[in-house]
1. For Lys174, go through the aspartates and glutamates and keep the ones whose alpha-carbon is under 18 Å away, minus same-chain ones fewer than eight residues off.
2. Which of the following values of semi-axes √(5λ) of the Cα gyration tensor in Å was calculated from the structure shown: (i) 24, 18, 17; (ii) 37, 18, 14; (iii) 40, 18, 14?
3. How much of the DSSP bridge set in region 46-128 is antiparallel, in percent, rounded to the nearest 5?
4. What does the highest-first list of 61-73, 150-162 look like by mean Cβ count within 10 Å?
5. Quick one: check the C-alpha center-to-center distance for region 154-179 versus region 8-58, whole angstrom.
6. Of all beta bridges DSSP finds with both residues in region 105-209, what is the antiparallel percent, to the nearest 5?
7. Put +1 on the Cβ of every Lys and Arg and -1 on every Asp and Glu Cβ in the chain; which of Gln13, Ala65, Val87 then has its Cα farthest towards the positive end of the dipole?
8. Where does each of 189-202, 115-128 land if you order them by average Cβ count within 10 Å, highest first?
Amino acid sequence: MPSPVPYRVQLLQLARGLGGFITAQEAREAGIPQVELTRATREDKLLRIERGLYQLSHSADLAPAPAEALDLLEVQLRSPYARPCLVSALHLHGLTTTRPAQLQFAVPKNRQRLPTEPFPTDTFYFGPAAYDAGLLAFPVRERFLTTYSVEKTLVDLLRYAPKLGRELYLEGLKNALRRKQLDQRELLKLAKAFRVYKTLSQDLEVLSHDQDRLLP
């Protein structure tokens with residue numbers, strides 16, 4: 001009869017299977033005693049990021065992932081209600097090379113502003129409709145980051161154009177059209193729901209026409 005797998009091995013295997021992060025709840029649900037997290041931390045196998053959240057100390061053997069995506073994921077693991085939005089979401093989708101100086105997150109209006117340590121963050125308060133529309137599970141290693149679809153991100157950037165300007169919104173829209181990453185029906189549906197339909201449809205028509213002119 002094979003020997004049972006030690007809890008320590010189970011714990012570290014689970015953390016690797018979860019992208020290098022593990023929560024106390026995930027360990028508990030796997031039947032691993034809380035004391036194993038403490039022991040693994042003392043032995044420098046895990047880093048305690050904050051209460052109930054741990055990370056592998058050595059992650060060289062994990063699948064590569066963009067540094068910003070990992071930062072966004074860590075913030076969301078710390079604050080599960082925080083969702084990457086606006087320029088952070090646009091960058092995550094590969095539709096801009098611009099990275100905001102602060103990671104941008106949407107939170108419900110009844111939540112407190114996100115901490116600015118260890119990552120600088122910019123908190124945007126979304127109403128219930130804006131917070132829950134256009135959600136997307138974005139893969140980061142073996143986990144999924146809850147963020148917004150390309151279409152919802154573009155609509156949000158247009159909604160926030162008075163604060164952020166139109167340049168990144170137009171860059172994202174142009175790149176999404178060129179790379180065929182855009183569901184125009186969904187985009188216009190969201191634009192109507194959030195009252196930016198007229199402006200977005202005009203921009204879409206102009207950019208689509210420009211794209212057609214560039215085709216061979």
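1. Qualifying aspartates and glutamates at Cα under 18 Å: Glu151, Asp156, Asp183, Glu186, Asp203, Glu205, Asp210, Asp212.
2. (iii)
3. Working: 6 of 12 bridges.
For region 46-128, the DSSP antiparallel bridge percentage is about 50.
4. Details: 61-73: 15.5, 150-162: 22.5.
Averaged packing, sorted descending, gives the order 150-162, 61-73.
5. Cα centroid of region 154-179 versus Cα centroid of region 8-58: 40 Å apart.
6. Values: 6 of 10 bridges.
Taking every DSSP beta bridge within region 105-209, about 60 percent pair in antiparallel fashion.
7. Sorting the options by dipole projection puts first Val87.
8. 189-202, 115-128
The values are calculated or read from the model by the stated rules, or taken from the named source; none is laboratory data. Just so it is clear, the model here is predicted, and its values are computed rather than measured. Every residue, glycine among them, receives a Cβ derived from its backbone with ideal geometry; neighbour counts consider all protein chains shown. We work out accessible area using only protein heavy atoms, side chains counted, and drop any ligands, DNA or RNA first. Shrake-Rupley method; radii C 1.70, N 1.55, O 1.52, S 1.80 Å.
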